[in-house]
Structures are given as structure tokens and as C-alpha cells.
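Please read the structure below before turning to the comments.
Every number in this text was worked out from the coordinates using simple rules, so none of it is lab data. Please read these numbers as outputs of a predicted model, since none were measured by experiment. Cβ placement follows ideal geometry from the backbone for every residue including glycine, while neighbour counts extend to all protein chains displayed.
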Amino acid sequence: MEKEKKKILFVASEADPFIKTGGLADVAGSLPQALIEEGHDVRLVIPQYRQIPQKYKERMEAVCHFRTKLAWRDTYLGVNKLEEDGVPVYFIDNQYYFDRDSLYENEDKHEQFAFFSQAVLDMLPVIGFQPDVIHTNDWQTGPLPLLFADRYRQQSYYQDIKTVFTIHNLKYQGQFAGHAAGDVLGVAPHHWESGNIRHNGLLNYMKTGIMYADHVTTVSESYADEIQTSYFGEGLDYALRLRADDLSGILNGISYDKFDPETNKNLAVRFSKGEIDKKIANKVHIQQKLGLEVNGDKPLIGFISRMVEQKGLDLVKAVFDEIMATGAQFLILGTGQREYEEFFEAKQHEYPDNLSVNIKYDAQLADQIYAGSDMFLMPSRFEPCGLSQLISFRYGTIPVVRETGGLNDTVIPYNEETGEGTGFGFRNYNAHDMLHTIERAVSFYDQKGIWNKLINRVMNLDYSWHNSAQKYSEPYNQLAGIGKQKLLQKGDQSKVNIKVYHPEQEKEDITKTKKVKTSKKISINQSSAAELAKLPGIGDAYAERIVTYREQKGDFTKKSDLTKVKGIGKKKYQKISKLLTL
Ligand code: ADP
């Protein structure tokens with residue numbers, strides 16, 4: 001079948017290589033190109049921050065500029081453009097909003113990103129691009145689907161456009177005083193009154209995106225399930241359950257060109273699959289460079305991350321001396337909360353030969369650490385997708401992870417009986433479970449036959465964007481196929497095509513959502529062994545085991561606990577999990 005070509009506008013607050021604070025930039029910097037390779041016509045738009053390097057600013061050409069109104073504010077809107085790796089990239093230029101010291105730490109950030117969202121919509125007829133889908137990302141672009149529903153969809157230029165909102169990290173929501181809904185966004189009062197843009201009495205940009213986009217995605221299947229529970233839902237799990245029918249999880253990929261051990265100029269020694277000696281040469285290089293004891297035989301654990309609670313730093317702190325007692329070296333690169341930075345800086349003095357702490361952001365050093373490390377530690381409390389484990393795979397570095405979110409979907413824990421696995425994993429957010437997993441990894445590191453097999457296996461995995469880009473085509477095609485029958489009558493702003501949230505209806509709505517779901521899927525907690533056995537891929541024996549486990553341990557609290565049932569490994573779980581609900 002011929003691929004359906006769609007016109008996609010990808011909207012993000014940061015994109016590599018222009019501006020990056022985290023994983024969103026990696027995604028926005030590589031997914032558009034992968035979508036173009038899938039046959040779509042894709043363009044990217046980001047704000048033109050002061051921090052974008054001059055070399056890119058010099059390459060930009062002015063497309064247009066005009067004035068627009070953000071609520072009562074009359075303001076300048078410039079659009080500049082360049083092409084990077086075949087992707088047309090637009091930059092929204094307004095010095096008042098984007099010529100700032102900080103990207104996201106400004107008092108008026110609600111206004112900055114309201115402006116950005118509106119500017120993106122305003123520029124479309126002017127630049128002459130009429131996308132099928134506007135793909136928005138994270139809280140900074142949350143207002144766009146709302147503005148679209150409030151006052152753009154009713155205009156003929158916009159009427160066929162659909163919106164997608166991707167959650168990269170639910171923790172960061174963009175919450176502001178409620179008066180901004182009228183004063184800054186200038187939207188009709190019913191959006192606030194209905195509760196659709198409000199959470200705990202505040203205007204919430206993340207919830208806004210969730211409630212108003214035609215389709216919501218997040219960056220792994222596990223995280224898509226997890227965020228519908230109160231533990232992972234960051235207070236918005238009810239909103240996500242309301243949108244459950246329009247919510248899907250699509251794993252991120254990474255650029256296999258950028259993170260290529262054969263060509264990456266940042267590496268001391270470039271290497272390809274099977275060249276394990278050359279990988280060790282990278283270890284020796286980084287040991288020398290950072291002043292560690294130079295010893296190719298010592299296991300080296302890498303850790304590159306924002307230093308925030310999410311990344312499991314409390315676990316690392318709790319058993320740090322025990323980790324060092326395994327005989328491994330530890331290499332840390334990251335910035336963030338001062339308490340973590342100070343802890344590691346202090347430890348540096350205790351372990352001068354075996355610990356290197358680098359409190360900074362350094363992309364080149366990051367590549368050298370990925371390539372030179374034997375293991376890569378990611379004990380995250382939650383992890384929407386996680387890119388570092390995928391980058392580690394690329395460089396033959398074995399991830400040691402907490403099995404949550406995207407880490408759960410990408411790292412198969414090593415099973416010594418079958419020899420299967422692509423890393424080491426632990427389930428509970430518990431420092432000693434993490435420590436034992438590190439100890440286990442270190443013990444296998446000493447068994448070179450096994451370890452080298454693992455290196456070769458992970459270097460053969462394919463987490464490039466190709467598969468994920470194909471998966472995005474599904475919602476794009478579906479949405480674009482919805483056509484005009486669902487469109488609003490002109491001026492009928494009260495019947496926006498979303499579910500209106502009323503707090504008092506929450507319980508009722510959630511039951512409704514669940515009913516819809518159970519008609520399609522089978523409940524693990526409520527089905528008999530016979531019902532479970534009918535699912536493809538389970539069979540009588542496993543169905544019995546699931547029911548016995550439930551009887552002994554109580555109801556499953558999350559789907560992924562199925563892997564605790566004897567014999568249900570990662571692969572089987574992945575096969576059956578889509579057919580099951582709690
Ligand atoms: P998150 O988006 O939550 O920060 P991800 O794993 O999705 O986490 O992506 C983090 C990205 O940022 C990876 O590419 C990682 O290598 C990079 N990174 C994080 N901290 C640093 C740092 N201090 N120096 C260089 N790169 C970093």
C-alpha cells in the first residue's frame with residue numbers, strides 16, 4: 001500500500017542542535033527528519049531564543065513579520081527560517097519574549113508560551129502552510145490546542161487541521177494563576193469554568209493540552225499506562241483516564257547518525273560492532289582524561305543526567321559507599337539540584353581514583369562517557385521514555401535500570417538461565433534492590449564470555465527513529481481521515497470536540513471510561529483463568545499461574561506486575577499486555 005503523505009507541523013519549545021535542555025530537544029531534533037523519511041511533509045517550529053548559537057542565526061532567512069494581538073496586547077511577530085538536515089525549521093521571533101537569560105525560569109513564562117502557541121497558529125496562512133496535523137509537545141505548547149478550539153478551528157483556513165499533544169514528562173505542567181486564561185490567552189470563560197484548563201485552582205498548560213488535543217501521545221507504552229494511575233499521574237491521572245481512548249504510547253527513538261560509534265568525532269577511538277578492544281580503549285581514554293585509576297579491567301559505571309529526584313539520585317546517595325565497595329569506578333556528569341551536586345562533590349574527595357564528578361553540561365564528554373563506560377546506571381523513580389539507555393545500547397554499554405516507563409519497555413533484564421537480556425533491572429524503588437542489581441551486573445562483567453555477548457547483542461538492537469516514526473503515522477492518518485463531518489459549525493464554540501471535565505463527575509466519568517476499556521480488553525483482576533486462557537499468547541498454564549498469583553498476593557496494582565508471575569518474561573508480557581487491563 002502506498003504510504004499516505006501528511007503535512008505535519010511539529011511544534012516544540014526546544015530542538016537539537018539549536019537549543020537543548022533535555023530529551024525533548026533530542027526528539028524534536030530527530031523525529032521530524034524520520035517522519036520526512038516516512039514520506040510526510042514535516043516542518044518544525046521553535047522560539048528564537050537568545051541562546052541559539054550565532055552560526056544558526058546567520059543561516060536564517062526572514063520569512064515574514066507582522067503584528068498580532070495576544071488578548072489585549074498588540075505585539076510583533078517575526079518568522080525566520082532555515083533548513084537543517086532536510087527539515088524546514090521556523091523560528092518565532094519576538095525579542096521581548098525570547099531574548100532572555102533563561103528559557104523556562106521567567107516569571108511571565110505563561111505569557112511567553114501563550115504567545116508562542118498563538119504565533120504558530122497566526123503564521124500559518126502567512127507562510128502558506130496548511131498542515132493536516134499540528135503536533136504539539138509538553139506544557140509549553142499546551143495552549144495551542146485550546147486556542148485552536150477556541151477561535152481558529154472556526155475559520156476556513158484552519159478547519160481541517162487536527163492537533164496532537166505529546167507528553168514527554170508529566171511532572172512539568174506549567175501552572176499559573178487563573179486570571180491568565182482571560183488576560184493572556186484571551187479564551188472564552190467556559191474553558192475555565194468547565195475545569196478543562198484548570199487543576200487545583202490554577203491554569204494548567206499540561207492539562208490544557210491533554211484535554212483539547214484531538215489525540216494525546218506519550219513516549220512509551222508503559223508510561224501511557226502508568227500515568228493513568230495516581231502514583232505516576234502527577235495529579236492529572238483523572239484527566240488522562242478521561243482521554244484514555246485517545247491516548248497512545250509511542251516509544252522515542254534516537255538519531256543513529258548522531259550517536260554512531262563508527263563516525264562520532266567526539267570519541268577517542270571510533271569502533272564498530274565486535275571491536276570490543278576499541279571500546280576498552282575509550283574507557284582507558286576517559287579514565288586518563290578524568291584522572292581515574294587507568295585500568296581497562298575495572299568495571300566503569302556511567303551516569304549522565306539532570307540531577308533531580310526523578311532520576312533516582314536518592315537511591316544512589318543511600319548506598320553510595322556500598323556501590324563503590326563493588327570495586328567499580330563511577331563517572332558522573334550532570335547538573336541540577338544543589339543537594340545532589342554537593343553530595344557527589346564531597347564524595348569525590350573520598351574516592352579520588354575511582355570516582356569522577358563533573359557538574360556541568362557537556363555533550364562531548366557525554367559521548368565519551370557513553371562510549372567508555374561498561375554500564376550505565378538509570379535508577380529512575382519514573383522515566384517517560386529515557387534516551388540514555390538507548391544511547392548506551394548504541395555504544396555497547398549495558399544499562400542498569402529501574403524497570404519503569406520507557407526503561408521497562410526497552411531494557412530486558414538479563415536472565416542467566418536462558419541467557420536472554422539486554423541489561424540489568426530491578427522493580428521496586430529501593431536502594432538495596434538497586435545495589436544488588438549493580439553487584440549482579442559487576443559479577444557478570446567478570447565473566448567475559450557473557451559480557452561480550454551482551455555488548456554485541458545491544459549493539460545490534462535498533463532503536464533508531466524508523467519504527468517509532470512509522471507508529472506516529474497511525475494517529476496522523478486516523479486524524480486526517482476524520483474529515484469534515486466532525487468539525488464544528490462556525491461560531492459554535494461551546495461544542496468543542498472534547499470531553500468536558502466537571503470535578504463532581506469525575507467518578508462517574510472514570511467508570512464510564514473503564515467500561516469502554518473492559519469491553520475491548522480483559523481485566524487481569526476480574527477475569528477467571530478460563531477467560532484469561534482465551535487470550536492469544538497466554539494459554540491454560542499461564543492463566544492458572546496469574547490467577548493463583550492474584551489469590552496469594554492480592555489484586556495486581558499495575559499491569560507490569562504480571563512479569564512477577566513465574567514464566568512471564570518481558571517478551572510474553574509485551575505480547576499480552578495490550579489485551580489486558582487492570
Ligand atoms: P530527560 O529528558 O528527563 O532529561 P532523557 O534520558 O530523555 O532525560 O534525555 C536526556 C538527554 O540529555 C540525553 O541525551 C543525555 O545524554 C543528555 N544529558 C543529560 N545531562 C547531560 C549533561 N550534563 N551533559 C550532556 N548531556 C546531558
*Please go through region 328-338 and pick out each residue that is within 16 Å of the ligand (Cβ to nearest atom) and under 22 Å from ALA441 (Cβ atoms).*
PHE330, LEU331, ILE332, LEU333, GLY334
_Can you find, within region 287-297, the residue that is nearest to GLN447 (Cα to Cα) among those that are more than 16 Å from the ligand (Cβ to nearest atom) and surrounded by fewer than 18 Cβ atoms within 10 Å (Cβ to Cβ)?_
ASP297
*Which numbered condition trips up LEU315, out of (1) in a loop (DSSP other than H, G, I, E, B); (2) more than 24 Å from LYS448 (Cα to Cα)?*
(1)
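When the residues of region 1-47 are narrowed to those that are in contact with a strand residue (DSSP E or B) (Cβ under 9 Å, 6 or more places away or on another chain) and of a type in the set (Ser, Thr, Tyr), which ends up nearest to the ligand (Cβ to nearest atom)?
Within region 1-47, the first condition is being in contact with a strand residue (DSSP E or B) (Cβ under 9 Å, 6 or more places away or on another chain), and the residues that meet it are 5-15, 17-19, 24-36, 40-47.
Of the ones still in play, those that are also of a type in the set (Ser, Thr, Tyr) are 13, 30.
On the way: SER13: 13, SER30: 11 Å.
So the residue we want is SER30.
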*Working only within region 355-389, note down all residues that are surrounded by fewer than 20 Cβ atoms within 10 Å (Cβ to Cβ) and more than 8 Å from the ligand (Cβ to nearest atom).*
ILE359, GLN364, ARG381
*Tell me the helices (runs of 4 or more DSSP H) entirely within region 8-118 that contain at least 1 residues that are over 22 Å from the mean Cα position of the chain (by Cα), surrounded by fewer than 17 Cβ atoms within 10 Å (Cβ to Cβ) and not hydroxyl-bearing (Ser, Thr, Tyr).*
54-59, 95-98
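Would you check if GLU341 is outside any strand (DSSP E or B), in contact (Cβ under 8 Å) with a residue 12 or more places away in the chain, within 16 Å of the ligand (Cβ to nearest atom) and acidic (Asp, Glu)? So that I can check it myself, show each step before the final result.
On the way: outside any strand (DSSP E or B): yes; in contact (Cβ under 8 Å) with a residue 12 or more places away in the chain: yes; within 16 Å of the ligand (Cβ to nearest atom): yes; acidic (Asp, Glu): yes.
Considered against the rule, which asks whether it is outside any strand (DSSP E or B), in contact (Cβ under 8 Å) with a residue 12 or more places away in the chain, within 16 Å of the ligand (Cβ to nearest atom) and acidic (Asp, Glu), GLU341 comes out as yes.
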_Can you find, within region 304-327, the residue that is nearest to ALA366 (Cα to Cα) among those that are in contact with a Phe, Trp or Tyr (Cβ under 7 Å, 6 or more places away or on another chain) and within 16 Å of the ligand (Cβ to nearest atom)?_
MET307
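Can you report the number of residues in region 390-402 which are within 15 Å of the chain's Cα centre (by Cα) and away from the ligand (no atom under 11 Å from the Cβ)?
Looking only at region 390-402, we keep the residues that are within 15 Å of the chain's Cα centre (by Cα), and these are 390-391.
Those left that are additionally away from the ligand (no atom under 11 Å from the Cβ): none.
Within region 390-402, residues that are within 15 Å of the chain's Cα centre (by Cα) and away from the ligand (no atom under 11 Å from the Cβ) number 0.
Does GLN348 satisfy the criteria of being in contact (Cβ under 8 Å) with a residue 40 or more places away in the chain and either β-branched (Val, Ile, Thr) or more than 8 Å from the ligand (Cβ to nearest atom) (or both)? First the steps, then the outcome.
On the way: in contact (Cβ under 8 Å) with a residue 40 or more places away in the chain: no; either β-branched (Val, Ile, Thr) or more than 8 Å from the ligand (Cβ to nearest atom) (or both): yes.
So GLN348 does not fit the description; no.
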